[in-house]
1. Counting only trypsin sites (Lys or Arg not before Pro) that are in a DSSP loop and have at most 15 other C-beta atoms within 10 Å, tell me the longest site-free stretch of the chain.
2. Can you compute the label reach from residue 247? Point 7 Å from Cα along the Cβ direction, backbone N cut-off under 11 Å, restricted to the stretch 292-311.
3. What number comes out for accessible area per residue over the chain if the probe is 1.4 Å? Units Å², please.
4. Modelling each spin label as a point 7 Å along the Cα-to-Cβ direction, I'd like the residue 97/residue 495 distance in nm, to one decimal.
5. Which length gain, in nm to one decimal place, applies between residue 294 and residue 107 when the Cα-Cα distance is subtracted from 0.36 nm times their residue separation?
6. How much length is gained on full extension from residue 477 to residue 545, taking 0.36 nm per residue of separation minus their Cα-Cα distance?
7. Gain in length, residue 255 to residue 581, computed as 0.36 nm per residue apart minus the alpha-carbon separation, to one decimal in nm?
8. Quick check: Cα centre of the stretch 559-599 to Cα centre of the stretch 236-259, how many Å?
Amino acid sequence: MATYSINLKDGSIERPGEIIVGIDLGTTNSLVALIKDGKPVCVRDQDGRSSLVPSIIHFAEDQSVLVGGAAREKLVTDPSRTIFSVKRLMGKSYLDVAGHTQFFGYKIIDDDTESLVKIRVDDKFYTPIELSALILRELKQRVENELNTTVSKAVITVPAYFNDNQRQATRDAGKLAGLDVLRIVNEPTAAALAYNPSEAGTIAVYDLGGGTFDISILQIQDGIYEVLSTNGDTFLGGDDFDQVIILKWLSDLGLQQSSLEENKEFSQQIRLEAEKAKKTLSGADTYSCVLNGQLLQISRQQFDELIKPLVNRTLACCANAVKDAGIDIKDIKTVVMAGGSTRVPLVKHSVSAFFGQPVFDSIDPDEVVALGAAIQADVLAGNQQDVLLLDITPLSLGIETVGGLMDVIIPRNSKVPSKAGRQYTTSVDGQKNLKIAVYQGERDLVEHNRKLGEFILRDIPAMPAGLPKIDIQFILNADGILTVRARELRSGLETQVEIRPTYGITEEQMALMLLDSIQNAQTDMAARGLLEARNEAQNLILSGEKFLKQHDSILSQEEKDTTSAMIASLRQIAAGTDKDAIHKQIEALNEYTTPLAHRAMDVTIGSAMKGQRIAE
Ligand code: ADP
Ligand code: MG
């Protein structure tokens, strides 16, 4: 028999041992990672050297497509057919990117509308989704080659600021690449997961990539990763560092910036050389090279001077993020570095000085996001029993209503912490005590769910059935502790208890309950329909009898006899199991008594006929 595990976060069911990969689909570089021997690792190229796949695509004239390192080389020789920074265009309309199109070396279709951007290569048009799918397919292939098996499920990361369109576009790209995207995870959250703090606290993730800068402040507590604030600059990154080097060299050579536009090949050559210089300066004090027979040089000190204003701009974003998070900068426990550009020593020093502590950079900043995505993937695969990202509640929480029905107040998958409530009433005249039984589970009948506890709201002032207004609030805090509060609104009477929903329930039990509810959905629905019909009949019988008693004087004998007979018949039918017959008789009785009720002009009967009642 096959065994299944359930992802407690979203209730999805996974086969054990299934490979789910984590993907960092970056603006500049993309990576794929997975768990190997219990540890997250990035998949490397065939030489085992680099885990980075440049997010670059080249379309050759003969229709062949190159992705990654090979496409990168075409930036110099064939720029108009070489697509980079696709991520910037994901989910964007032409209007969104207007004013930035000169940034791209390739052609972005200019139709001046709200419609989504397309990229033109020769007479073919590509959407950013299709292009991203090509990168994802390359990553998929890379991991499949390594594992010698097919991989079809993935977790993909996106910047925390990505909107719905952009997230959906990322999902679609995954689908197009033949990947079932189980989860879209925020990049800073993934970085925080990879860092895996041993204790709760507030952390900052400083992510400086090739073209974008993101700073996020997260609160981590009991496996809950909450993004408190994000800030950044979508046009600031390592590319700008390259740019300042290029400008310096042009000036050294006595050349104008326009010389770059005149000579595309030279422009790309000097760009690649500048990037090489920048990377070298992360470890060395000087860099020199010869380009077109001319010597180009730059020292670390010169470089630092040039990029200082750019680095300061990132710090201004950090200050805003700290402010928006509503925390004191001293509250930040750790500053996690992500993105290749955080290798620049000046960046490290400046960030460290800003936050008043050494930065955390012991995980490769290129890989940290992908590694976190792999951890998330492993959690979804059900392989990490000790990690539980309990930021949503795995099972529904509710109370028992008349007929043993489960009335869900906080549905499964609700965000934690969470608060929800509903109003109920009594079902018996003069009812003084009300029992509130709290259950957890997905089945329609409480008897199939798990009882968490019950309490009694006592000494409700005597009122006719249906009149008391009992407000029941479920407050689920971040620790997974449920507080149930019941209050009779007319008298202000209040009572509350605390319940721990996951206490004493194993993951297997939880999985079984979920599987059960899926298997029994059909029978449950039928049972629920019958019970609801019976409840409705019972209510109508009670209010009908009450009506006969209260309005004896205004009814004719024939009206009284007919009503009584119809009530008796409804009672008899409701004892059976024919839901439709019950509904039919309810309808008949309602139809007959409505004009009588109108005549009686009594509104209380109306209110007594409505509303849900809690079991006595
Ligand atoms: P993205 O998240 O945008 O895909 P990455 O995190 O991969 O980007 O960062 C790419 C950037 O990091 C590039 O600008 C690259 O030049 C820069 N980078 C990579 N290694 C180094 C290094 N050793 N020193 C300085 N910058 C580096
Ligand atoms: Mg990145």
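The values are calculated or read from the model by the stated rules, or taken from the named source; none is laboratory data. Everything numeric in this text was worked out from a predicted model, so none of it was measured. Please note: Cβ atoms are built from the backbone with ideal geometry, for glycine as well, and neighbour counts cover all protein chains shown. Note: areas computed on protein heavy atoms with side chains; ligands, DNA, RNA excluded. Shrake-Rupley method; radii C 1.70, N 1.55, O 1.52, S 1.80 Å.
1. On the way: sites that count: 44, 49, 432, 458, 490, 610.
The answer is 50-431.
2. What the label zone holds, given the 11 Å backbone N cut-off, is 306-310.
3. Details: 28820 Å² over 616 residues.
So the chain comes to 47 Å² accessible per residue, rounded to a whole number.
4. 6.3 nm
5. Details: separation 187, 0.36 × 187 = 67.32 nm, distance 3.22 nm.
Roughly 64.1 nm would be gained on extension.
6. Working: separation 68, 0.36 × 68 = 24.48 nm, distance 4.49 nm.
Extra length available between residue 477 and residue 545 comes to 20.0 nm.
7. Working: separation 326, 0.36 × 326 = 117.36 nm, distance 9.14 nm.
Extra length from residue 255 to residue 581 when fully extended: 108.2 nm.
8. Each part's Cα centre sits 87 Å from the other's.
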